[in-house]
Amino acid sequence: MNKQLNGFLILVHLVILYKIRFVVPLILGHGPLMEFDNYYQTIKFMSNGVNPYLSIKLFSLGPPTTLLFYLPFTYLNLQLARQVMVILSILSGYLVCFILAHHLSTKNKSAVFLVLASVFVSAFPTRFALAMGHPTIIYTLFFVLLFYAKSDWVKGVWAALIVLFKANFAVILVSYIKQKSRVLLRGLLILSIAVLSSFIIINPAWYIYFIKEKLFALYPGSFRIANLYYYDQTLKVVMARIGLGGLYMPTYVATLVLGLITVFKTQSLSLGILFSIILSPVVWQHYFVLLFPIFVILFGYLTNIKQHFLWAFSLYLWWTEFPWLQGAGVNLVNGVIASHYFFAAVILTYLIAINHDFLTQTKTT
């Protein structure tokens, strides 16, 4: 029976891979990876002393440490760098599914792996991350390795890397304050060493420039939009889509306070990831790849039909795409639908917050 099931799941997975065959040219290094190419070129400019924040290619660039992930790729020519990036992302995605299947299944791990891999590679955030050349899939692997790590030093390394490359995930560090301060301290030590070491290649003045010229500009008091900006899933754009852009700042502050208190009290790494995304001033659709392991881990803790329904609905909102929204007008209905990735994260946050067993058994202790 297991062989027949595995054979069927392999066939399904192969069909899915055929459907996303656009990845093949990317593996060969053909065609642009828009986001990866922009970072690659920006680092080339930076190596010549050009302030990366003056580059028109990266108008939403975070702190300078964001560039450190891409730095090793610039020692390769662009085509080879693209190939390495795509292959690493694909391998990271399958490794995420393998680790999850290994930890969460006692019988027929192969079938569980195939189901997870099929859902993961067919999801739009995953496909979008591959097409853009963004390392979100690799960051998702970092999160899974952090979640299952046993050593405090290993946890500190993975937490530091996540925050170093994507500073908005600093919220996860709050989950370690209460009873795992050793992980927090080791993570902060590694972060400090990495930032100080970065001064060798990154002008310290660019850190100051980011704080003075870029950081606070990411948090407008109110926000309006001329179109749906479907790819943008930030809180400010979501509120503007539904006509509440004028309430963005008080809503953001309230969500920030609630998020920090919740993550601190629950010691939940998963809630740390979710609030990091919900609160981030820059959130594109491919950021939501990070939700996948949370969906998978949470599933085993659901206790009733209502929770299963909400979980499935949230998973669908996370997995799907509505291309027709690209040219749709701005109204309440379209605004709500266009924010489906954001609402998937909100529903997932709610399901975790009400699930005592999940919070008890997965907290960072």
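May I ask you to say which residue of ALA160, ALA167, ALA194, ALA131 is in contact with a Pro (Cβ under 6 Å, 6 or more places away or on another chain) and over 17 Å from THR362 (Cβ atoms)? Going through ALA160, ALA167, ALA194, ALA131 in turn, the sole match is ALA167.
Within the stretch 329-343, restricting attention to residues that are within 16 Å of the chain's Cα centre (by Cα) and not hydroxyl-bearing (Ser, Thr, Tyr), the residue that is farthest from TYR231 (Cα to Cα) is PHE343.
Taking only pairs six or more apart or across chains, which ones have beta-carbon atoms under 7 Å, a first residue in the stretch 42-63 that is of a type in the set (A, V, I, L, M), and a second residue that is in a loop (DSSP other than H, G, I, E, B) and at pLDDT 75 or above? Pairs found: ILE43/TYR70. Sort out which residues of the stretch 197-209 are part of a loop (DSSP other than H, G, I, E, B) and surrounded by fewer than 17 Cβ atoms within 10 Å (Cβ to Cβ), and write them in order of number. Across the stretch 197-209, the qualifying residues are PHE199, ILE200, ILE201, ASN203. Just a yes or no: is a residue in the stretch 14-35 in contact with a Leu (Cβ under 9 Å, 6 or more places away or on another chain) and closer than 27 Å to LYS212 by Cα? Yes: the stretch 14-35 contains one or more residues that are in contact with a Leu (Cβ under 9 Å, 6 or more places away or on another chain) and closer than 27 Å to LYS212 by Cα.
Might you let me know whether the stretch 335-344 holds any residue that is at pLDDT below 95 and in contact with a Gly (Cβ under 9 Å, 6 or more places away or on another chain)? The answer is yes, given that some residue of the stretch 335-344 is at pLDDT below 95 and in contact with a Gly (Cβ under 9 Å, 6 or more places away or on another chain). Could you tell me which residue of the stretch 210-235 is modelled with the lowest pLDDT, considering only residues that are part of a helix (DSSP H, G or I) and touching a Leu at 6+ places or on another chain (Cβ under 9 Å)? So, considering only residues that are part of a helix (DSSP H, G or I) and touching a Leu at 6+ places or on another chain (Cβ under 9 Å), the one modelled with the lowest pLDDT is LYS214. Where helices (runs of 4 or more DSSP H) sit wholly within the stretch 246-365, those with at least 2 residues that are in contact with a helix residue (DSSP H, G or I) (Cβ under 8 Å, 6 or more places away or on another chain), over 18 Å from PRO125 (Cα atoms) and free of Cβ contacts under 8 Å to residues at least 24 places away in the same chain occupy 248-266.
Would you point out the residue of the stretch 277-302, among those that are over 17 Å from SER92 (Cβ atoms) and touching a Lys or Arg at 6+ places or on another chain (Cβ under 9 Å), that is surrounded by the most Cβ atoms within 10 Å (Cβ to Cβ)? Only one residue tops the list, namely SER280.
Within the stretch 133-159, the residues that satisfy the criterion of being within 11 Å of ILE190 (Cβ to Cβ) and under 15 Å from the mean Cα position of the chain (by Cα) are TRP158, ALA159.
Restricting attention to the stretch 329-353 and to residues that are within 24 Å of LEU173 (Cβ to Cβ) and β-branched (Val, Ile, Thr), the residue that is surrounded by the fewest Cβ atoms within 10 Å (Cβ to Cβ) turns out to be VAL346. Of the helices (runs of 4 or more DSSP H) that lie entirely inside the stretch 1-47, those containing 1 or more residues that are in contact with a Phe, Trp or Tyr (Cβ under 7 Å, 6 or more places away or on another chain) and surrounded by 11 or more Cβ atoms within 10 Å (Cβ to Cβ) span 34-46. Quick one: count up the residues across the stretch 48-57 that are among the hydroxyl-bearing types (Ser, Thr, Tyr) and part of a helix (DSSP H, G or I). So the count comes out to 1. For the stretch 333-365, the set of residues classified as aliphatic (A, V, I, L, M) and within 21 Å of THR255 (Cβ to Cβ) consists of VAL336, ALA338, ALA344, ALA345, VAL346, ILE347, LEU348, LEU351, ILE352, ALA353, ILE354, LEU359, listed by residue number.
The values are calculated or read from the model by the stated rules, or taken from the named source; none is laboratory data. Nothing here was measured: the structure is a model prediction, and the numbers come from that model. All Cβ positions, glycine included, derive from the backbone under ideal geometry; neighbour counts span all protein chains shown.
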